[in-house]
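Read-outs throughout are calculated quantities, based only on the coordinates presented, and are distinct from any laboratory measurement. All figures in this text were calculated on a predicted structure; none of them were measured in a lab. So basically every Cβ, Gly included, is an ideal-geometry build from the backbone, and we count neighbours across all protein chains shown.
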Amino acid sequence: MSKAVADAPPRLAPGKGRVLGQPVARLEDGPLVRGRGLFAADVNFPRQLAMRVVRSQIAHGRLVSLDTAEARALPGVVAVWTAAEVSDIPPIPFRATKVRGLEPYCQPILARERVRYVGEPIAVVFAEDAYIAEDAADLVVAEIDELPVVLDAAAEPAEFLPGNSTEPTIVRKEYGDVDAAFRAAHAVIELDLSVGRHSGVPMETRGAIARYVAAHDVLELHGTAKKQHWNRDEIARLLGRPPTGVHLFEGHVGGGFGVRGELYPEDLLVCLAAMRLDRPVKWIEDRREHLVATNHSRQQRHLIRGAVDADGRLLAIDDVFFHDQGAYVRTHGARVADLAAGMLPGPYRLPAYRVAGHFRLTNKTPAATYRAPGRFETTFVRERLMDAIAVRLDLDPIELRRRNLVTEAEMPHVRPVDTLGVDVVLDSGDYIGLMDQALAQFGWDAVQRDLTARRAAGDCVGAGLAFFVEKSGLGPSDGVRISIDATGGVELVSGAASVGQGMETALAQICAEALGVDYRRIRVVRGRTDRIEFGNGAHASRVTVMSGSATYHAALAVRGMALDTAAQLLQARPEDLAIEDGQVVRAAAPGVPLIALAEVARQMGPNSPLMRGRTPGLTAERWFYSEHMTYPYGVHLALVRIDRATGEVRVEKYLVANDVGRAVNPMMVEGQMVGGFAQGLGGALFEEFRYDERGQPLSTTFADYLIPTLSEMPAVDVLIAEDAPSPLNPLGVKGAGEGGTNAVGAAIAAAVDDALRRPGAIVSLPILPRTVRRHTEEPT
Amino acid sequence: MTSVAVGDETAMRRIGVTVNGTLQAGEVSVRLTLADFLRQDLKLTGTHLGCEHGVCGACTILLDGRAVRACLLLAVQVDGHSVTTVEGLAPSATVLHPLQEAFCAHHGLQCGFCTPGMLTTLVEFLKDCPDPSAEEVRVAISGNICRCTGYDSIVEATLSAAANMRDGS
Amino acid sequence: MKPPVFAYHDPRSVEEAVGLLGRLENTRLLAGGQSLMPMLNMRFVFPDHVIDLNRIETLAGIVQDAETIRIGAMTRQRDIADSALVRDRLPLLTEALAHVGHRQTRNRGTIGGSLCHLDPAAELVAAAANLDATIEIAGPDGVRTLSMAAFPRGFMTPAIEPDEMVTAVRMPLPQRGHGFSFMEFARRHGDFAIVSVAVLLVLAPDRRIARASITLGGVGAVPLRMVEAEALLVGHEPGAALFERAAETCRAIDALEDAQVPGWYRRQLAGVLMARALATARARAEGVST
Ligand code: FES
Ligand code: FES
């Protein structure tokens, strides 16, 4: 064996394992189906106060005065704060941006002189219970001088502050000679496309419960999600405490989707209050607040131009877009605009590309990431462009894509553009192969014949498809510590978090496979800053890639230690031994247990003679580092029927095909696809945060913000491909969290166009019945 | 704020309600919702609040056997009645209700926030309709929003639970 | 989203309730709570007194006499939907109920509550108007009745005095074998309709239309009885062309206009749904299963 090979990091053999790759039942479900979960609102501490936020009812104005006297006088009210009481706390910082100059646009935890959106916190009330707190909040009187509102990000920028316009930055990326390509083009296609404002809207609203434990001088924050370590460090910094004196805890999280777990004003307010009022403080967001206070997302308008040769091959894309950021720049900085700009080219060979993303503030709720951020939007834009090119050149849309898709032979495909600060290198994939598989599974040709027949019978029906590339496994690092106790129980401590997607089961499966134990004996600890020093949380479909890989390495390390010790005890050679179901066995005789892992762990305890002079414990911590992201990909196919008379669009049939490299748990991956699709369907047809001309939000209840119910869901078919394992991690996995959502708007738009027999009819999302009705002919 | 005289029946009430088979007595403010009574006073936090305006279905409980939204009831209104919450569905600490079993087996939940409301709604539904079609299941829980699963797996789980319950009875 | 402070009363009889209504200011009656409770939770209303009708047992029940079915105000929507009697004699009502909210809200929501809330898009309001219901109203001077046509005073405002309450709704029984249809267009199943239509058709032995009732919900501030369209139909043989002509009367409607739905779209939906509902009602009247 050559030295180089011996040192290469171990890779998991391809194919299904005993537990990895199997659709095993989830570890999470037991308490959840019994109603014994611990969601934010389920956390209570003795003597806790309820916090209620007073929010601006005006979209833009000068805050003249706040009268809190009546609220303070209400029995049961302990304190009422305005900006004056928290002036020592800096605004909410950024986490994820390398764009400079955004600082003036950060959100203060309570509005100072100006209010900039309806829902902005202007005061907080602390009272004995939530009912009284709400009574008191209603008694706070705000005097606000209304100012003109900015609601259209594509309009001329206005002044944000003296010296700062509402356009803090333009995200620009460019490679190749775009102008030359357009000059040489056989045809140039131009489109004006928009995506509506919608967002994650998890079923659990946000919540934050803080308490100061004087006995240990520790400030605790409960009800957290996603980014505990970063949030811990920032809370500590903003409150002037050492990070070791602040701990964040994650219970159950009722859906994340990008919006949960960011650092919001309320998180700091409860922490500050717990310290200053010296009582635990609980804040639970109500649904109406959620719809105006928690991050919105998606709203963009793109003016895109594509240059193609006579065969329909892309020569260049030139895109100018306007990103509606809302009233402030929050923790994500300009990340969504950056992702949009970096990911727009998608799966196609594109010799030249230029993009200018105008990142603009408006008087609406601040925006940030939502499942497939920047990709749901740009897949819609790019695939609309591809459909328009096909029409212009009179080519079949599938043939057009075939000509432009990056081929397997071209992988890895380096694109001279970056996103999230790392270069885009499409790591692996057989795009055309997956498209063919998907067309076959959907029965595309049969569907086309069927459509012809149904149209002849008078039905308004159509089919469409859209290709997408996702990104996942954002680095730079993640660590996992695995320990085996003296009863053989395994504990896996991860710096990642769970947002309800099943990461505990996935990590346990990986650990079980590598270690040789029953995955149900593995206890996964996550989202707790008191159990592991560092962590990068759960977002950007990174957990399975990053924490999964760290888990694999840590499990192999523990396995190696266990075998070394067992070999010592058994007078054998470690390489002759293996671990099966928690028992050390001879590799040649796997059915005969020689010694239990529990016993090995006991022998490795601190008082064991074997350990003298060494660090005791059957435990290992391993870190996984990654410079590049891994790029899952796939294709969506939709069949829709339109009621000509009403304009209603029904999706009759849908296929999500997604290559995820390797599916750790196919049942959970399928769940991600179908659930992701449902959210995409919402953005394609139903969900929108609407505003009137004064910036008053119109979608403030679940009767106005329309989340798809079962009645709106079609049968969804899923094709999970594992054809292109990622070369970038030992498991070959790619994230599976966002592919189900990514191309829904694009595929449904294509199908609606096809049903209407009007190419290019759909230029914006969501596709409303009345818009479609405008395109159907008069009822007879 | 209205001041409350001691013993004012219009402001505070003593109530007695059978919850999951046990009589629970307590003194409540008349404006306390049933959902908050269950969650705060009885510490039965399995009844979730997803909207508090009657749309999402997360707070569904059984009132005298009927599925209703606990965010749209006052605690005083259930005085003398019987309430079943998700905590009361499993026959014991080691055995699950067939619907709970099926939700685990068919991946009928991801984050689990909507699950209690789904389960309580379906318990009533399967009592009325023990051998439902997929379409009937879809209608039965169209008033329960799930943001994670896309619902397919919930329908599957329900059909499988219904079959098991028919076999078992 | 917690209800504001109020005083709570749970009378045991209609007399007691009416007495409270007469004595107290700024009251709200709590029926099934499917509209009032969200409004309280969202603090859209601040009543000083909430009078809960759920403990008045006499207010619930469905009874038939020679010419009518009488449904107590506190009868749950679920019980009406399940009633074999209603299905047999007032199938339009049964069909309308399938569109009302969801299982959990119908289990609690009442017919009286829905009628008094008088949302222009509420299915039961349109159905009651189309069935020529009469409303029984109890007050300090006893019980009076009001036709459904006179019941709405304006947008979400019934013509009842502060010291009165609705105790029942009485529906005259349409001739057996009549045709009916309830249809609506909503963005999602179970949502309030953007437009709904209720149709009742009675055919004479010569197959001509003897009676036509058509009501649109959601398009105006109150349910719209389409008398012009009804007049156009009566005395004629049913047919697609006739139904289209009837539907054209929708073009003249002064339709509600709001941020989500423009007036032109409501008018179009009204015409489409009316023509479809007429066709269904006709098929049913002719004994063709649909
Ligand atoms: S919390 Fe009761 S229906 Fe949503
Ligand atoms: S499982 Fe998360 S809302 Fe249903």
For this session: Straight distance only, please: which aspartates and glutamates reach the Cα of A:Lys227 with their own Cα at less than 15 Å, same-chain residues fewer than 8 apart left out?
Result: A:Glu250, A:Glu262, A:Asp267, A:Asp478, A:Asp530, A:Glu533
For this session: Specify which residue in the list C:Ile214, B:His107, C:Ala168 is farthest towards the positive end of the charge dipole of the protein assembly as shown, using unit charges on the beta carbon of Lys, Arg (+1) and Asp, Glu (-1), about the Cα centre.
Result: B:His107
Exercise. Can you give the Rg and Dmax of the range B:12-88 based on its C-alpha atoms, in angstrom?
Worked result: 11.0, 30
Exercise. Mind checking the angle between helix C:14-23 and chain C's longest principal axis? C-alpha axes, 0 to 90 degrees, to the nearest 10.
Worked result: 70
Seminar exercise, completed: Footprinting proxy, A:Phe126, B:Phe103: sorted fewest to most Cβ within 10 Å, the residues are A:Phe126, B:Phe103
For this session: Compute the relative contact order of chain B as a whole-number percentage, counting only Cα pairs closer than 8 Å that sit 6 or more residues apart in sequence.
Result: 22
Exercise. Calculated from DSSP H runs of 4 or more alone, at -39500 (n - 2.57) each and per residue, what is the 222 nm mean residue ellipticity of the protein assembly as shown, nearest 500?
Worked result: -8000 deg cm²/dmol
Problem set entry | Candidates C:Pro238, C:Pro140, C:Pro174, ranked by Gaussian network fluctuation over chain C, Cα under 10 Å, top entry | C:Pro140
Seminar exercise, completed: Between the Cα axis of helix B:152-168 and the main Cα principal axis of chain B, the angle (0 to 90°, nearest 10) is 90
Seminar exercise, completed: Expected sort for A:Leu303, C:Leu115 with the fewest Cβ neighbours (10 Å cutoff) up front is A:Leu303, C:Leu115
Exercise. If one takes the longest principal axis of the Cα atoms in chain B, at what angle in degrees, from 0 to 90 and to the nearest 10, does the Cα axis of helix B:115-128 lie?
Worked result: 70
Seminar exercise, completed: Looks like chain A, by Cα gyration tensor root eigenvalues a ≥ b ≥ c and the a/c under 1.5 rounded cutoff (else prolate when a/b is bigger than b/c, oblate otherwise), is oblate
Problem set entry | Dipole magnitude of the range C:7-52 about its Cα centre (Cβ charges: Lys, Arg +1; Asp, Glu -1), debye to nearest 20 | 160
Exercise. Which whole-number percent is the relative contact order of the range B:98-167 (Cα, under 8 Å, 6+ apart)?
Worked result: 53
Exercise. Taking the Cα centre of the range A:387-510 as the origin and placing charges on Cβ (Lys, Arg +1; Asp, Glu -1), which of A:Leu393, A:Ile484, A:Leu507 is farthest toward the positive end of the dipole?
Worked result: A:Leu393
Exercise. Along the positive direction of the dipole of chain A (beta-carbon charges: Lys, Arg +1; Asp, Glu -1; about the Cα centre), which of A:Leu706, A:Ala215, A:Ala588 reaches farthest?
Worked result: A:Ala588
Exercise. For the range B:26-169, what is the charge dipole size about the Cα centre, in debye to the nearest 20, if Lys and Arg each add +1 at the Cβ and Asp and Glu each add -1 at the Cβ?
Worked result: 260
Seminar exercise, completed: Cβ density ranking, 10 Å radius, fewest first, applied to C:Leu216, C:Leu124, A:Leu291 yields A:Leu291, C:Leu124, C:Leu216
Exercise. Taking the Cα centre of the range A:634-780 as origin and charging only Cβ (+1 Lys, Arg; -1 Asp, Glu), how large is the dipole, in debye to the nearest 20?
Worked result: 200
Exercise. If the limit is 18 Å between Cα atoms, which of A:Lys471/A:Lys653; A:Lys282/A:Lys364; A:Lys282/B:Lys43 go over it?
Worked result: A:Lys471/A:Lys653; A:Lys282/A:Lys364
For this session: Could you grab the relative contact order for chain C? Cα pairs under 8 Å, six or more apart, rounded to a whole percent.
Result: 15
Problem set entry | Those lysines that a straight Cα-Cα span of less than 17 Å connects to A:Lys16, excepting residues fewer than 8 apart in one chain | A:Lys734
